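> First, the structure itself, so that you have it in front of you.
The values are calculated or read from the model by the stated rules, or taken from the named source; none is laboratory data. Only a predicted model underlies this, so the values are computations on that prediction, with no experimental measurement involved. Every residue, glycine among them, receives a Cβ derived from its backbone with ideal geometry; neighbour counts consider all protein chains shown.
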């Protein structure tokens, strides 16, 4: 079996999906923060610009417009960090004070790019974006206040980087974790698959080791093992039956072969005819075994249920009683019946007839000379119950479950005639009718009890 | 009694075996291997009995018989089949078969059933009294007499005697008795017929020097007027 790599494991694929989801989520989160921070910083800048502008205009109103130029110069000097840039144009458009380029001269909000401000002794190379706020004063001069927003841009850029790296980091971590967990899973699953492979290769007694890691996995392996147990039991049964068929048919066929061989030496036509009849009877015996096997198979498959009808079980049993009474008498056994009249069950009259015939034949065959066989039918608590009992050697309690198996015979009855299928057929027919078959000790002898479902239940069952 | 019989059977070996057996018994046989041929022949020729294998190519036996019954062909028919399912027999009879024989079967069984079927039309007259020699049964009064002397019979014994007498002069097999007298459509492993027949024989033949019920070795029983 090809070994799977951790990349192909379900755990890894799950981790991959999670990583993608995490990455997308992280990106969205940081992007949202970015937007919120940028907007907040933008608002703060705008408010500061408006404040500065109002402050200057307030000064101008208090001390006269001419002082404004002086004030700007003074503020340019005081505010060392120089967050603000200024421009003051007189009504004629001439620069009075400030360091913003003349292009910034307009009322309201604006944005422009200027050379980066540096200390006088440092070289200036970069450009910075400046946000401006301009107002036209009462005398017609224009005052513009500006502020460098490159901090904001930097913040934005930085946040974008964080987003990228954190997304990448989370993805890599998730993938690594997935690979690790996938590996663990694979190792455990491999053990299970190896066990299954061994079982498929013929180690039928092997079982699947527990996966561990959770109740659901334990349940899975437990069910797998139960399934294997069941399959093995079925296979064993099947093997047993085929072996039994082969064995049980080989004996009569072998006998037949000897028989035919010895027939070659017969010259007397009458003896030959007799021998042929014998051989035919032996073939019929083998055919009867096949027939019974097929029948059991069909009945176990549920054949016949479609044709179920109301059957007068009393009449069926009366008929079986009448049919076998003389045979029992001739064999030196007594056979009596106590049958309550007109009890009905749902079923197949032919199969039910065969069921009771088989039980009686069984009793006739196994109970010795002078045995008493009895058949009863009564309604017990609303359930039609039939019993067939004898006072023969009976069947030991421990064997009750096994005698209904195909070809099963007690050691004591190995030498008697019969296919070893009679009770199997009885069990199959009982099962088809939903009837409960019970074997009991009749001390001495065997008592077979058959309890049919009462009508109510049998209707529900259909 | 020579009968004209139509045989539908696709397996050559089986067909040859059956044909040979029927001819040896003095019957005239037309054999065909497909359902279509069988329908053609059966609607055309006047046959006494149809023997139809259930599983044949083109049109299967069941369909052949249904088609024949629909077109009004009432010739008695026996189904031959390897299928002995619980429901197969009922299906066969519902399709219009008069008898049903599961393979493998013995030739004597088939011959006995053919004879029984060919006799059927006479039953339509539904006699209430059947006579064989000096033995007589009254189906209405359900009593039996031999040479005017009453014979006490139980219900099953009467049924057995009635069946034998209806087929007087014909061989009646064990399975035919099981099916028709006891409604046993399976083969019991105990020989239950023998006991019943010997009891019946004792009642009928006691006090008379001729036996009416004869055992036909390897085949079954036959009731006949003593000669």
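> Return the residues of segment A:297-311 that are in a helix (DSSP H, G or I) and either away from chain B (no Cβ under 11 Å) or free of Cβ contacts under 8 Å to residues at least 60 places away in the same chain (or both); say none if nothing qualifies.
A:297, A:298, A:300, A:306, A:307, listed by residue number.
The rows are residues; the columns are (1) modelled with pLDDT of 90 or more; (2) in a helix (DSSP H, G or I); (3) in contact with a helix residue (DSSP H, G or I) (Cβ under 9 Å, 6 or more places away or on another chain); (4) within 23 Å of residue A:297 (Cα to Cα).
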residue	(1), (2), (3), (4)
A:191	no, yes, no, no
A:197	yes, yes, no, no
A:205	no, no, yes, no
A:218	no, yes, no, no
A:233	no, yes, no, yes
A:239	no, yes, no, yes
A:245	no, yes, yes, yes
A:249	no, yes, yes, yes
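> Kindly provide the set of residues from segment B:12-27 that are under 18 Å from the mean Cα position of the chain (by Cα) and either assigned to a strand (DSSP E or B) or in contact (Cβ under 8 Å) with a residue 40 or more places away in the chain (or both), ordered by number.
Selection gives B:18, B:21, B:22, B:25, B:27.
> State the number of residues belonging to segment A:348-390 that are within 45 Å of the chain's Cα centre (by Cα), part of a helix (DSSP H, G or I) and more than 8 Å from chain B (Cβ to nearest Cβ).
2
> Where the second residue is not in a helix (DSSP H, G or I) and the first is facing chain A (nearest Cβ under 7 Å) and lies in segment B:177-197, which pairs have Cβ atoms under 7 Å and are six or more apart or on separate chains?
If the second residue must be not in a helix (DSSP H, G or I), the pairs left are B:189/A:418.
> Given (1) within 9 Å of another protein chain (Cβ to nearest Cβ); (2) buried (at least 17 other Cβ atoms within 10 Å of the Cβ), where does residue A:329 come up short, assuming only one miss?
(2)
> Take residues that are touching a helix residue (DSSP H, G or I) at 6+ places or on another chain (Cβ under 8 Å) and under 30 Å from residue A:331 (Cα atoms) and tell me which of the strands (runs of 3 or more DSSP E) falling wholly in segment B:113-227 contain 1 or more.
B:143-146, B:149-151, B:213-216, B:220-223
Residue by residue, here is whether (1) at positive phi; (2) in contact (Cβ under 8 Å) with a residue 60 or more places away in the chain; (3) surrounded by fewer than 13 Cβ atoms within 10 Å (Cβ to Cβ) holds:
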{"site": "A:11", "(1), (2), (3)": "no, yes, no"}
{"site": "A:16", "(1), (2), (3)": "no, yes, no"}
{"site": "A:30", "(1), (2), (3)": "no, yes, no"}
{"site": "A:55", "(1), (2), (3)": "no, no, no"}
{"site": "A:58", "(1), (2), (3)": "no, no, yes"}
{"site": "A:67", "(1), (2), (3)": "no, no, no"}
{"site": "A:87", "(1), (2), (3)": "no, no, no"}
{"site": "A:94", "(1), (2), (3)": "no, no, yes"}
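For (1) within 14 Å of chain A (Cβ to nearest Cβ); (2) assigned to a loop (DSSP other than H, G, I, E, B); (3) buried (at least 18 other Cβ atoms within 10 Å of the Cβ); (4) touching a residue at least 12 places away in the same chain (Cβ under 8 Å), each residue gets a yes or a no:
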site: B:30; (1), (2), (3), (4): no, no, no, yes
site: B:40; (1), (2), (3), (4): no, no, no, no
site: B:47; (1), (2), (3), (4): no, yes, yes, yes
site: B:63; (1), (2), (3), (4): no, no, no, yes
site: B:69; (1), (2), (3), (4): no, no, no, yes
site: B:74; (1), (2), (3), (4): no, yes, no, no
site: B:78; (1), (2), (3), (4): no, no, yes, yes
site: B:89; (1), (2), (3), (4): yes, no, yes, yes
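> If residue A:314 satisfies every condition in (1) out of contact with any helix residue (DSSP H, G or I) (no Cβ under 6 Å at 6 or more places or on another chain); (2) within 11 Å of chain B (Cβ to nearest Cβ); (3) crowded, with 17+ Cβ neighbours inside 10 Å; (4) under 22 Å from residue A:438 (Cα atoms) but one, which is the exception?
For residue A:314, the exception is condition (2).
> Something else now. Specify which of the listed residues (A:272, A:280) is assigned to a helix (DSSP H, G or I) and at the interface with another protein chain (Cβ under 8 Å from one of its Cβ atoms).
It is A:280.
> Take segment A:427-462 and flag every residue that is touching a strand residue (DSSP E or B) at 6+ places or on another chain (Cβ under 7 Å) and either modelled with pLDDT under 70 or in a helix (DSSP H, G or I) (or both).
A:427, A:430, A:458
> On to the next question. Pick from B:146, B:166, B:174: which is within 14 Å of another protein chain (Cβ to nearest Cβ) and in contact (Cβ under 8 Å) with a residue 24 or more places away in the chain?
Within the list B:146, B:166, B:174, the selection yields B:174.
> Within the group B:211, B:138, which residue is more than 14 Å from chain A (Cβ to nearest Cβ), modelled with pLDDT under 90 and more than 28 Å from residue B:90 (Cα to Cα)?
B:211
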